[in-house]
Amino acid sequence: MVDRPEDYRNDIEFIQAKVSKQFPVYKTEIEFDIVNIYVRIIQGDDFEEKFDELRQELVPLNFIPFLREEKGEYVISVKKNPPRKYRTVKTNIVMLIVTLCTTLIAGMWWWSSYTSTEPFFSLYNLSNGALFFTLPLMTILGIHEMGHYFMARHHKIHASLPFFLPFAPPLGTIGAFISIRDPIPNRKSLLDIGVAGPICGFIVAVPVAIIGIYLGGVMDQSLPLGMEGTVWIINYPIIFRVLDYILPFSGGQTMHPTAFAGWVGFLVTGLNLLPAGQLDGGHVVRSLLGDKAKYASYIAAAFLVIVGIWFYPGWLFFAIFLLFFVGLKHPPPLNELGKIGTKRKLVGVLAIVLLFSCFHPIPIEEETIRYDFEIELSESAIQTVSLNESAVYTFKLTNTGSPNSDTYNVSFDMSNRTWNGLLYVQRLENNITSWSPIDGNRTSVSLDTGKNTSFRLELTPTNEAHIRNDVSFTVRSNTTGRDKTKELTTELEYSFTVSSFQRYSIIEDGKANFSIYIFNMGPDDAYEISSTEINNESWNVYFLHNNSHQQNLTLEIPSGGTENFTAVISSDVLTRGMKLYTRTENEPTRGSAEFVVATLRIRSLAKGTYEDIEILGVKLDE
């Protein structure tokens, strides 16, 4: 509990005398250590000037007056604050010297990164870093804070000189602040002091940015073509892009230190104009909206948290700083009854425009440059085919790099030129997918990140094809020169077909002839032909080929070739077999026939597979 001052009664009389000097007083109430004095105020009168004169008399004596309206009555509440001790100017000087040191190191860092010609700790880097980074950055921050300082002095409000805040390179500082040591008297002074710093800082940041763009341009923040790694992307606010659009200068791979100093100046301006707590933007919205400004503060804090979670973690730390060190609520000025006027409302709108022009929700982001791609094969890498068949391979090529597009050379090579290879690429026209053949064995295609296209490779053996064909399907990145290969193996399957234009034949003169054809659908092969079974031991089978009679026959047939031979059913002794009965018109006439069934086997000597066919000889008796 706060103790009442010992000279409490004297203070009341003193306060009443000072208030009655400016306003008619008709009632005084004491509320512990607060004196509530009811006064008469006529709207349109110069009550704001009178109250400000009262403030200037009381505040230096640690009496803080508040003017408010309660139920149609005007009350001036006065409370006495204990004397406060403030840091001396020595603290400002020490912090300025330390910040100059850290920004000088940051300037050396920026200049060495920009030129890369001298050792880091060199007079060359120190002098140029100081000239092109430290001086413009400290000028922007210093004039920003001096705008607050001189506006506070203009409104006869006690304020400190700027306190600069040192930080590690590459920034060297996180800004500066002044300490307002008197309560803000009214909405006018609240807006004036709040907006003066950002406007002054912005006025200096613009020419600094122009000089930086002139000296080095807005940098191309991508790595050199083909180089991979991590790059820090500096996102430019609207005002910076407008300047870069107006000025006919192109950037290099590294941002000029002066341009970065201008970028920091815009960032500080936009950051301070956020409508939260006691930031500069918080002062502006409090003067414009009064107590409703707290909702703008809540929205700004929520925005920082959301963006911090999803996009830029640095805003989370700033939101914590606002919540626990600055606060989201803005105290009212001593006199919140006065009007700010149209001109100051327009200045408030200007502050909002500056906020959107200078603030970027993701000021810096990390991006990994990586060139990569994937090849997916839909079918098995090993396939076997017969002649007149094709092995089909389908590939999907996907650009999995980030964030760049790339061009790829696609080709295939075969170990066996006795095969035919045809490459197709997938096309999409009018929402219809088709396969377009490629002339030759190579082509190229460009793909953006995440995009894909498909290829189809058809391998067909010729009649002279060798049994095995090893194929390499290769994709090479034009940017990096790296390639990936899918190794394929296509084999010609040992395959053949057997056909006969007749499966039965009439036995005449003790013989029945059967013409049989073998078509080799695989590589060169030899085939063994034999009779494996016959239903009558009195009969036998032999083979006739090239006027040669053989009990067992072996034929060599090249790939794609055809050979024919004659199988002969023959017997020296005719033995009656089955009876065959036929009918006449009146009664059956008995006749007879003998059936001889033989099984022939054609076997591939290379693979061991075989095919059996049956032939039927019919012996008719009159």
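For Leu171, which of the numbered conditions (1) more than 30 Å from Phe66 (Cα to Cα); (2) open to solvent by less than 30 Å² (accessible area, probe 1.4 Å) fails to hold?
(2)
What about Leu488, is it surrounded by 17 or more Cβ atoms within 10 Å (Cβ to Cβ), more than 30 Å from Leu377 (Cα to Cα) and at pLDDT 90 or above?
So Leu488 fails the test.
Specify which of the listed residues (Ile569, Ile613) is modelled with pLDDT of 90 or more, in a strand (DSSP E or B), open to solvent by less than 40 Å² (accessible area, probe 1.4 Å) and touching a Gly at 6+ places or on another chain (Cβ under 8 Å).
The unique qualifying residue is Ile569.
Which condition breaks for Tyr295 when tested against (1) closer than 27 Å to Arg181 by Cα; (2) buried (at least 18 other Cβ atoms within 10 Å of the Cβ)?
(2)
Please work out which one of (1) basic (Lys, Arg); (2) surrounded by fewer than 16 Cβ atoms within 10 Å (Cβ to Cβ); (3) touching an Asp or Glu at 6+ places or on another chain (Cβ under 6 Å) is the condition Arg476 fails and give its number.
For Arg476, the failing item is (2).
What's the number of the condition Leu316 fails, among (1) among the hydrophobic types (A, V, I, L, M, F, W, C); (2) within 22 Å of Ala205 (Cα to Cα); (3) part of a helix (DSSP H, G or I)?
Condition not satisfied by Leu316: (2).
Since Phe543 meets every condition but one in (1) open to solvent by 50 Å² or more (accessible area, probe 1.4 Å); (2) out of contact with any Asp or Glu (no Cβ under 7 Å at 6 or more places or on another chain); (3) modelled with pLDDT of 90 or more; (4) not β-branched (Val, Ile, Thr), which condition does it not meet?
It is condition (1) that Phe543 fails.
State the number of residues belonging to segment 351-387 that are within 30 Å of Leu492 (Cβ to Cβ), of a type in the set (A, V, I, L, M) and crowded, with 17+ Cβ neighbours inside 10 Å.
Residues meeting the conditions: 3.
The rows are residues; the columns are (1) closer than 16 Å to Gln383 by Cβ; (2) touching a Ser or Thr at 6+ places or on another chain (Cβ under 9 Å); (3) not acidic (Asp, Glu).
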| position | (1), (2), (3) |
| --- | --- |
| Ser405 | no, yes, yes |
| Asn409 | no, yes, yes |
| Tyr424 | no, yes, yes |
| Arg427 | no, yes, yes |
| Asn431 | no, no, yes |
| Ser434 | no, no, yes |
| Asn441 | no, yes, yes |
| Gly450 | no, yes, yes |
| Glu464 | no, yes, no |
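Note down all Cβ pairs under 9 Å where the first residue falls in segment 495-513 and is over 15 Å from Asp621 (Cα atoms) and free of Cβ contacts under 8 Å to residues at least 12 places away in the same chain, the second is surrounded by fewer than 13 Cβ atoms within 10 Å (Cβ to Cβ) and not hydroxyl-bearing (Ser, Thr, Tyr), and they're at least six residues apart or on different chains.
Going by the 9 Å Cβ cut-off, there are no qualifying pairs.
Return a yes/no flag: does segment 252-268 have any residue that is of a type in the set (S, T, N, Q) and at pLDDT 90 or above.
Yes.
Could you please let me know if Thr407 is more than 30 Å from Pro523 (Cα to Cα), part of a strand (DSSP E or B) and at pLDDT below 90?
Taking the combined requirement at face value, the residue does not satisfy it.
Confirm whether Val347 is in a helix (DSSP H, G or I), open to solvent by 70 Å² or more (accessible area, probe 1.4 Å) and under 30 Å from Ile180 (Cα atoms).
no
Looking only at segment 240-250, decide whether some residue is modelled with pLDDT of 80 or more, open to solvent by less than 20 Å² (accessible area, probe 1.4 Å) and either of a type in the set (Phe, Trp, Tyr) or not in a helix (DSSP H, G or I) (or both).
Yes, segment 240-250 contains at least one residue that is modelled with pLDDT of 80 or more, open to solvent by less than 20 Å² (accessible area, probe 1.4 Å) and either of a type in the set (Phe, Trp, Tyr) or not in a helix (DSSP H, G or I) (or both).
Given the options Lys188, Lys156, name the one that is at positive phi, of a type outside the set (A, V, I, L, M), open to solvent by 20 Å² or more (accessible area, probe 1.4 Å) and modelled with pLDDT of 90 or more.
Lys156
Applying the selection to segment 434-463, what residues are free of Cβ contacts under 8 Å to residues at least 40 places away in the same chain and over 25 Å from Ser477 (Cβ atoms)?
Result: Ser434, single match.
Do we have any residue at all in segment 368-390 that's of a type in the set (Ser, Thr, Tyr), outside any loop (DSSP other than H, G, I, E, B) and out of contact with any strand residue (DSSP E or B) (no Cβ under 9 Å at 6 or more places or on another chain)?
No, segment 368-390 contains no residue that is of a type in the set (Ser, Thr, Tyr), outside any loop (DSSP other than H, G, I, E, B) and out of contact with any strand residue (DSSP E or B) (no Cβ under 9 Å at 6 or more places or on another chain).
Among (1) β-branched (Val, Ile, Thr); (2) surrounded by fewer than 17 Cβ atoms within 10 Å (Cβ to Cβ); (3) in contact (Cβ under 8 Å) with a residue 12 or more places away in the chain; (4) over 30 Å from Asp52 (Cβ atoms), there is one condition Val89 misses while meeting the rest; what is its number?
The single condition Val89 does not satisfy is (4).
Of the conditions (1) out of contact with any Phe, Trp or Tyr (no Cβ under 6 Å at 6 or more places or on another chain); (2) free of Cβ contacts under 8 Å to residues at least 24 places away in the same chain; (3) open to solvent by 60 Å² or more (accessible area, probe 1.4 Å); (4) not small (Gly, Ala, Ser), Thr115 fails just one. Which one is it?
So the condition that Thr115 fails would be (3).
Pick from segment 44-85 the residues that are under 18 Å from Tyr26 (Cβ atoms) and without any contact (Cβ under 8 Å) to a residue 12 or more places away in the chain: which of them is nearest to the chain's Cα centre (by Cα)?
Glu70
For the structure I just gave you, tell me whether Asn469 is closer than 30 Å to Ile602 by Cβ and not in a strand (DSSP E or B).
Here the answer is no, as Asn469 does not meet what is asked.
Taking the stated definitions as given, is Ile180 within 20 Å of Leu271 (Cβ to Cβ) and more than 42 Å from the chain's Cα centre (by Cα)?
Taking the combined requirement at face value, the residue satisfies it.
Let me confirm something: among Val195, Val206, which residue is at pLDDT 90 or above, surrounded by fewer than 21 Cβ atoms within 10 Å (Cβ to Cβ) and not hydroxyl-bearing (Ser, Thr, Tyr)?
Every option except Val206 fails the conditions.
Taking Leu100 and the conditions (1) within 26 Å of Ala168 (Cα to Cα); (2) loosely packed, with under 13 Cβ neighbours inside 10 Å, which numbered condition does it fall short on, given that it satisfies the others?
For Leu100, the exception is condition (2).
Take the residues in segment 472-499 that are part of a loop (DSSP other than H, G, I, E, B) and in contact with a Pro (Cβ under 9 Å, 6 or more places away or on another chain); name whichever of them is farthest from Tyr393 (Cα to Cα).
Per the stated criteria, the residue is Tyr494.
The values are calculated or read from the model by the stated rules, or taken from the named source; none is laboratory data. All values derive from a computational prediction rather than experimental measurement. With ideal geometry, Cβ positions are generated from the backbone for all residues, glycine too; neighbour counts draw on all protein chains shown. Calculation scope for accessible area: heavy atoms of the full protein, side chains included, ligands and nucleic acids excluded. Shrake-Rupley method; radii C 1.70, N 1.55, O 1.52, S 1.80 Å.
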